[in-house]
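Trainee: Sharing a structure below in structure tokens format, with a few things to ask.
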Amino acid sequence: MKIAIGNDHVGVELKRHLTDYLTGKGYEVVNFGTDAPESNHYPIYAQKVAEAVVSGQCDRGILICGTGIGISISANKIKGVRCALCSETVSCQLSREHNNANIVAMGARMIGPVMAEAIVDTFLTTEFLGGRHSIRVNMIADIENGVELS
Ligand code: RB5
């Protein structure tokens, strides 16, 4: 599985940690984030990872900023992205099972490296359940396409 990873200046250290962790597990990790410590702008990296995922260049995405909030909001502006902000594994598991999340976002100021490892493990190994959840996920796409839901 090919993973797109992206981060702002706050997420550099956690991005490096997770890249080493996932590479060690055999995943291919493509770095779309910054490696510079100077203050920069998280929407840039959200857009890069989002486009890599929706284009099919990468299978899944991981985004990191200080809280995970700004970078997840940004990613969810891209059509086809379902980015879930997670601080623990249960919501991450459900974001895959129910929402077919294709990007996970985390806050480097909110969680530590061990929780981040558990979250990415969950995100990359949990399957979408389909069924009734497909109806709802398809409705998210309808919203993107301007359909008035009822
Ligand atoms: C940067 O200071 C910070 O605002 C950013 O990393 C993120 O937390 C925004 O949501």
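Trainee: Answer rounded, prolate or oblate for the stretch 1-113, using the Cα gyration tensor with square roots of eigenvalues a ≥ b ≥ c: rounded when a/c is under 1.5, else prolate when a/b is larger than b/c, else oblate.
Mentor: Values: a/c = 1.20, a/b = 1.17, b/c = 1.03.
Because its axes are fairly even, with a/c under 1.5, the stretch 1-113 counts as rounded.
Trainee: Summarise the accessible area of the chain (1.4 Å probe, protein heavy atoms) by the percent that is carbon and sulfur. Present the calculation step by step, with values, prior to reporting the outcome.
Mentor: On the way: 3880 of 7420 Å².
With neighbouring chains kept in place, the figure for the chain is 52 percent.
Trainee: If each residue of separation counts as 0.36 nm, what is the full-extension length gain between GLU117 and ASP35 once their alpha-carbon separation is subtracted?
Mentor: Numbers: separation 82, 0.36 × 82 = 29.52 nm, distance 1.97 nm.
Contour length minus Cα-Cα distance gives 27.6 nm.
Trainee: Summing -39500 (n - 2.57) over the DSSP H runs of n ≥ 4 in the chain and dividing by its residue number, what mean residue ellipticity at 222 nm do you reach, to the nearest 500 deg cm²/dmol? Could the numbers behind the result be given before it?
Mentor: Values: 6 runs with 68 residues, N = 150.
Calculated from helices alone, the mean residue ellipticity at 222 nm is -14000 deg cm²/dmol.
Trainee: Would you report the distance distribution of C-alpha pairs in the stretch 1-56 as whole percents per 5 angstrom bin, up to the bin with the largest distance?
Mentor: In order of increasing distance, the bins hold 4, 22, 28, 23, 17, 5, 1 percent.
Trainee: Within 10 Å, count the other beta carbons around each residue, average over each peptide in 124-134, 97-107, and list them highest first.
Mentor: On the way: 124-134: 12.3, 97-107: 22.9.
In descending order of packing, they fall as 97-107, 124-134.
Trainee: Next question. Work out how far the C-alpha atoms of the stretch 68-120 reach from end to end along every principal axis, then list the three figures in whole Å, largest first.
Mentor: So the three principal-axis extents are 31, 24, 11 Å.
Trainee: Skip the ligands, DNA and RNA, and give the accessible area per residue of the stretch 1-122 with a 1.4 Å probe, whole Å². Present the calculation step by step, with values, prior to reporting the outcome.
Mentor: Working: 5400 Å² over 122 residues.
So the stretch 1-122 comes to 44 Å² accessible per residue, rounded to a whole number.
Trainee: Would you please give the residues with an amide H less than 5 Å from that of THR34, counting only those at least 5 places away or on a separate chain, with H modeled from the backbone geometry?
Mentor: The list, which skips near neighbours in sequence, is ASN7.
Trainee: For an R0 of 35 angstrom, estimate the FRET efficiency from the Cβ-Cβ distance between HIS133 and ARG16 and round to the nearest 0.05. Don't jump to the answer; show the numbers that get you there.
Mentor: Working: r = 34 Å, r/R0 = 0.97.
Given R0 = 35 Å and the Cβ-Cβ separation, E is 0.55.
The values are calculated or read from the model by the stated rules, or taken from the named source; none is laboratory data. Small disclaimer: the values here were computed from a predicted structure and weren't measured. Quick reminder, even Gly has a Cβ in these numbers, built from the backbone with ideal geometry, and neighbours come from all protein chains shown. Each accessible area value is taken on the protein alone, full model and side chains, heavy atoms only, with ligands, DNA and RNA left out. Shrake-Rupley method; radii C 1.70, N 1.55, O 1.52, S 1.80 Å.
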